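Have a look at the structure below, then the notes.
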Amino acid sequence: AVQKLVLVDIIGNPAAWSRVDKINLKNVPALLIKLGGVDKLVKDGIIGSENLWVSGKYTVDHVKSLIVKVASRI
């Protein structure tokens, strides 16, 4: 999933995103922007809870799931 996002220039450093223990949650807002923003992700049905992402209460598991969902649509 990470490699797909690298190929379309959404993720620049695959090592930072490919393992759950390596994901830095401080980088997630930039990822969300590159994905078109929270509103677009909700509209596209990729994420269901806008509140979770806007409030910053997501976990690395949420982020990993987001990456997999986005990659599956590429």
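The values are calculated or read from the model by the stated rules, or taken from the named source; none is laboratory data. What you see is a predicted model; the values in this text were computed from it and never measured. Note that each Cβ is placed from the backbone with ideal geometry, even for glycine, and that neighbours are counted across all protein chains shown. In case anyone asks, the SASA skips ligands and DNA or RNA and just uses the protein heavy atoms, side chains included. Shrake-Rupley method; radii C 1.70, N 1.55, O 1.52, S 1.80 Å.
Going by what's in this entry, would Ile46 be described as hydrophobic (A, V, I, L, M, F, W, C) and surrounded by fewer than 12 Cβ atoms within 10 Å (Cβ to Cβ)?
Working: hydrophobic (A, V, I, L, M, F, W, C): yes; surrounded by fewer than 12 Cβ atoms within 10 Å (Cβ to Cβ): no.
Answer is no for this residue.
Any chance the range 25-40 includes a residue that's touching a Pro at 6+ places or on another chain (Cβ under 7 Å) and surrounded by 12 or more Cβ atoms within 10 Å (Cβ to Cβ)? Before you say what the answer is, go through the steps one by one.
In the first step, residues of the range 25-40 are kept if they are touching a Pro at 6+ places or on another chain (Cβ under 7 Å); the result is none.
The answer is no, given that none of the residues of the range 25-40 is touching a Pro at 6+ places or on another chain (Cβ under 7 Å) and surrounded by 12 or more Cβ atoms within 10 Å (Cβ to Cβ).
Tell me yes or no: at least one residue of the range 50-69 is open to solvent by 80 Å² or more (accessible area, probe 1.4 Å), modelled with pLDDT under 90 and not in a helix (DSSP H, G or I).
Looking through the range 50-69, none of the residues is open to solvent by 80 Å² or more (accessible area, probe 1.4 Å), modelled with pLDDT under 90 and not in a helix (DSSP H, G or I).
When both residues are 6+ apart or on different chains and their Cβ atoms are under 7 Å apart, which pairs have a first residue that lies in the range 53-73 and is within 14 Å of Lys4 (Cα to Cα), and a second that is open to solvent by 80 Å² or more (accessible area, probe 1.4 Å) and among the basic types (Lys, Arg)?
Close Cβ pairs satisfying both conditions: Ala71/Lys4.
Filter the range 1-13 for residues that are surrounded by 14 or more Cβ atoms within 10 Å (Cβ to Cβ) and assigned to a helix (DSSP H, G or I) and give the result.
Of everything in the range 1-13, those that are surrounded by 14 or more Cβ atoms within 10 Å (Cβ to Cβ) and assigned to a helix (DSSP H, G or I) turn out to be Val2, Lys4, Leu5, Val6.
Going through the range 9-22 one residue at a time, which ones are closer than 18 Å to Val60 by Cβ and modelled with pLDDT of 90 or more?
Of all residues in the range 9-22, those closer than 18 Å to Val60 by Cβ come to 10-11, 13-22.
Within the range 9-22, Ile10, Ile11 qualify.
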